[in-house]
Structure formats: structure tokens, C-alpha cells
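All remarks here apply to the structure that follows.
The values are calculated or read from the model by the stated rules, or taken from the named source; none is laboratory data. Remember, predicted model here, so these are calculated numbers, not experimental data. Cβ sites come from the backbone with ideal geometry, for glycine too, and all protein chains shown count toward neighbours.
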């Protein structure tokens, strides 16, 4: 088994013949390129297994993630997302989503202590609500997965749907849900991961993750305090044992984010409730 690929596999180069390609992400288990082909700009994702190291166990599911994501996307969009298998795993090629992720977009708020535009949040809510209405829970909401447009092209896109749950997926591309990026994980998810029990992301855990994403994007702070060098198990223990940090965000934003991160999932608003609340501030 080879190391992480740094080049587009030859079979995919031959298939798509991109006129331009730029590597966007190269991480354990996947690489993403922005490519230009006659049909436009696309994200080409390639997945492969993660080899065992002294710090990380081996992971096979990453090889299946691009095909699984394509399956989810194809239940949501009229334009089919191409996907398939290559020597070490699976791949997909999906339309490129233009814009900034939530964390990068709100850098200005972290540096000059202003509050975000309500329109940006409503657009994010609509993207998440569309997913929920179509029978899916994202399971991995984080600032990097919310791509926002600008005033000339207002929109928000929810990307990286490989972990989404809710509707049946082809068995050959499916894998168990193991939690998400811990910086945005709801307490009930962290507790389930630690206990080794059945882990089921919900609309309520998506709302929690969205609230934690807003907190991180506006303040630069994680929802729960733990050392930067803590391993994932210790991070999750902190999330289960502690309440979220004090939310020091001005105006109506602070109470709303706090409501989204209620420890009891039943007490959190729906993402539609959040959209209605935020939209009312600009009327």
C-alpha cells in the first residue's frame, strides 16, 4: 500500500484531462484538487486507507469516503456527481463551491470585534435545513464545511458529506459513524464514542456543532476548554464532564449560540428555528 498520493492518479487524469489542477487538501486518508475541465470547475477527491503509526490506528473507511459522499450528494442534487474506484480506494468529482469557509470569512470579526451579518447565518441555516428535510444528518458540521458567498452572490453550501447519516447507502461504500471533529462534537456524541456504544448523529447534534462552529468562527475559541495537546479521548472526556465555556458574544448572538449548545438535545432549537430567529433581527 503506497503512501498518501500527491499526484492525481493517472486513470483520473486520463478520464478528466483537466486544463488546470491545484491541490487544496492533502491529509491522512484523502487528497482534494480543484480542477478545471470543459464543464467548469470541480473538486476531485481521492480516498485511500490510513496506515497504522505509533500515534494513529489504521483506518480503512477513509478509502470509501469519496464514493459514500457522492452517493449522498446524488440524493440531493439534480446534476449527478461522478464517482468510482481506483487502485487504493474511491474517488468523486463534484462541482466546486466558490466562496470562503465560515472561519476564514469571519476573521474580520475576531480581529475587530464586530458581529457577523445575519444574512450569512440564515444562508448557512438554509443549507443545513435542506439537508435535514431530505432525510440526512450531516454528522460533521464545522466552519470549514460551511462555504459562504458574498453580497453579489449570496449563498451557503454545506460540503464534506461523507459522514452523513439518515438514508440507506450502498453496502460496499458504507462504514460505521465514529464521531466527528471533536472541537465541534456534541456531548451525547462524545459520550457514545467513549462508551463504545451505537453512535447516531441527529439533527440536534448538527445544531450543537453549528453553534460550536459559530462560537469558534466569531471568537476563535473551542466550545469546551482542554489542553491543545490533549488526545482525542481526553478531549471527549472534557466535553462529557464539563459545560461549554462562557459565551462572550455581543447582542442576541450570545444567547442564541448558548441555546444551540444546550447539553440536553431536546432543549436545542431546530436549525429552522435558528434561521427564523436570526432573520427577525434584520427586519
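Of note:
- The criterion of at least 3 residues that are touching a residue at least 40 places away in the same chain (Cβ under 8 Å) is met by the following strands (runs of 3 or more DSSP E) wholly inside the stretch 25-116: 40-47, 89-95.
- Scanning the stretch 254-283 for residues that are in a helix (DSSP H, G or I) and surrounded by 14 or more Cβ atoms within 10 Å (Cβ to Cβ) yields a total of 15.
Conditions tested, residue by residue: (1) surrounded by fewer than 18 Cβ atoms within 10 Å (Cβ to Cβ); (2) in contact with a strand residue (DSSP E or B) (Cβ under 6 Å, 6 or more places away or on another chain); (3) within 12 Å of residue 142 (Cβ to Cβ); (4) assigned by TED's automatic domain parsing to the domain that holds residue 135.
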residue	(1), (2), (3), (4)
200	yes, no, no, yes
204	no, no, no, yes
207	no, no, no, yes
214	no, no, yes, yes
219	yes, no, no, yes
222	no, no, yes, yes
230	yes, no, no, yes
234	yes, no, no, yes
243	yes, no, no, yes
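- Those residues of the stretch 246-264 which are farther than 25 Å from residue 191 by Cα and in contact (Cβ under 8 Å) with a residue 40 or more places away in the chain, in sequence order: 249, 250, 251, 253
- When residue 233 is tested against (1) in a helix (DSSP H, G or I); (2) at pLDDT 95 or above; (3) farther than 17 Å from residue 118 by Cα, exactly one condition is not met: (2).
- Residues located in the stretch 178-189, provided they are over 13 Å from the mean Cα position of the chain (by Cα) and at pLDDT below 95: 178
- Hey, residue 88 closer than 26 Å to residue 41 by Cα and assigned by TED's automatic domain parsing to the domain that holds residue 25 or not: yes
- Residue within the stretch 190-204 that is within 16 Å of the chain's Cα centre (by Cα), touching a residue at least 12 places away in the same chain (Cβ under 8 Å), under 26 Å from residue 109 (Cα atoms) and not in a loop (DSSP other than H, G, I, E, B) present: no
- Among residues of the stretch 180-189, those that are assigned to a loop (DSSP other than H, G, I, E, B) and either surrounded by fewer than 20 Cβ atoms within 10 Å (Cβ to Cβ) or not assigned by TED's automatic domain parsing to the domain that holds residue 125 (or both), counted: 1
- The residue that is modelled with the highest pLDDT, among those in the stretch 1-16 that are touching a strand residue (DSSP E or B) at 6+ places or on another chain (Cβ under 7 Å) and surrounded by fewer than 16 Cβ atoms within 10 Å (Cβ to Cβ), is 11.
- Considering (1) under 30 Å from residue 247 (Cα atoms); (2) within 18 Å of the chain's Cα centre (by Cα), the lone condition that residue 119 does not fulfil carries the number (2).
- Which numbered condition residue 192 misses (of (1) at pLDDT 95 or above; (2) in contact with a strand residue (DSSP E or B) (Cβ under 9 Å, 6 or more places away or on another chain)): (2)
- Out of 50, 35, one residue alone is out of contact with any helix residue (DSSP H, G or I) (no Cβ under 6 Å at 6 or more places or on another chain), more than 20 Å from residue 171 (Cα to Cα) and surrounded by 13 or more Cβ atoms within 10 Å (Cβ to Cβ). It is 35.
- Just one of the listed residues (99, 89) is closer than 20 Å to residue 39 by Cα and touching a strand residue (DSSP E or B) at 6+ places or on another chain (Cβ under 9 Å), namely 99.
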